Structure formats: structure tokens, C-alpha cells
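Only the coordinates and a few stated rules stand behind these numbers; no lab work does. What you see is a predicted model; the values in this text were computed from it and never measured. With ideal geometry, Cβ positions are generated from the backbone for all residues, glycine too; neighbour counts draw on all protein chains shown.
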Amino acid sequence: MPTHIPPHSSDPQPAVPGMSVRTPVQKAALSVGAVFLLVGALGFVPGITSQYDQLTFAGHHSEAALLGVFNVSVLHNIVHLVFGVAGIALARTFNSARSYLIGGGMIYLVLFLYGLVIDHDSSMNFVPVNNADNWLHLGLAAGMLALGIALGRNHNDTGAPMGTHDAGRGATGTV
């Protein structure tokens, strides 16, 4: 006689007790957060950031460039670090991971538009950004929005291969 098990809860149960199971959207948020942490830290490393001696706290006068391409400042690097910590922290639940990716994508879309309309040699460019940053911001916006929307559609997705059952539960909640 089959034993009835309640339908999936809002958080998937791990196949191994004591181990956590992350959904694909949580894994994506964790990965994006880790990359932002890495980029934020690398912005403070001479050699990886060219013209490091020109690094300023904020403003368009900072000539420091991550990988010799992307303008950075101390403020810009701190923003990346905070965004990274947020991604890692918000990857703990399905809803917060999805919100991080979609919300972050929208923020980067606004930053892309902001970078297009401001004069890069004016005080409005306080972060600072250049054309390479603008295109990167557009790519980040598209990528984060795509991940958040595509992976955030199915709340009960456990990340297990298709056709398998999670922790012994059948498709109808029976064993």
C-alpha cells in the first residue's frame, strides 16, 4: 500500500540528510554573486587593474582600469563587492535568488542607460563608467534577467535530472 507524502514544500528537500539542495536559480545567483566578489576584489589588485596609482575614491578622474579596459574607482569596486555579498546571501532561497537576478538585471539596465546619457567627462560620471563599462552593463542586464526569468519559472525545481524523483517522492506525492 503506497504511503502518502505531502506535496513538495516551497523548499526542496535534500536527497542526503544534512546536505542542502539548491535550485538552478539559486546556483545562478550564487555564481553571479561570487563573480561580483571576485571582480570587486580584483579591482584593488595592481597589475590586474592598470594605472592603479590613478585609482581615486570616486569620480571621472579615476584612470584606473580593471584588465586595462573597464574604468574603476574605490566606489565602483565597493559596489561590486556589495553586489557579490548580496548575491551570495540572497542565493539561500528560491524567491530571493530570483529577485536578486531580476532586480540586479534591472539595475544594470538602468546603469547602461545612465552611461549612455551622461557626459563621461562630467561630474555626473561619479562611479566612473566608460564605453566598455556600458556594454558590460548591458550584457550583465541581459544575462541576469535571462537567468532570473528562465530559471525562476518553476519554484519546485530541485535541480535533479529529469525523470528522477527527489528523495523517494513520486510525481504524485506517493511512494
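For N131 and T56, calculate 0.36 nm times their separation in residues minus their Cα-Cα distance, and state this gained length in nm to one decimal. Please list the in-between numbers first.
On the way: separation 75, 0.36 × 75 = 27.00 nm, distance 1.90 nm.
Computed gain between N131 and T56 is 25.1 nm.
Search the structure for amide H atoms under 5 Å from the amide H of T49, placed 1.01 Å from N in the peptide plane, and list their residues when 5 or more places away or on another chain.
Those lying under 5 Å, H to H, from T49 are L67.
Expected output is a single nm value to one decimal: the length gained when fully extending between S122 and L75, i.e. 0.36 nm times separation in residues minus the C-alpha distance. What is it?
Details: separation 47, 0.36 × 47 = 16.92 nm, distance 1.67 nm.
In short, 15.3 nm is gained.
Return the whole-Å distance between the Cα centroid of the range 107-136 and the Cα centroid of the range 40-76.
Rounded to whole Å, the Cα centres lie 15 Å apart.
Using a simple spin-label model with points 7 Å from Cα along the Cα→Cβ vector, what separation in nm is obtained for S31 and S99?
2.3 nm
For the range 24-154, what does the alpha-carbon gyration tensor say about shape, rounded, prolate or oblate, given a ≥ b ≥ c as the root eigenvalues, a/c under 1.5 as rounded, and a/b over b/c as prolate?
Details: a/c = 2.62, a/b = 1.68, b/c = 1.55.
Prolate is the answer for the range 24-154, as a/c is 1.5 or above and a/b outweighs b/c.
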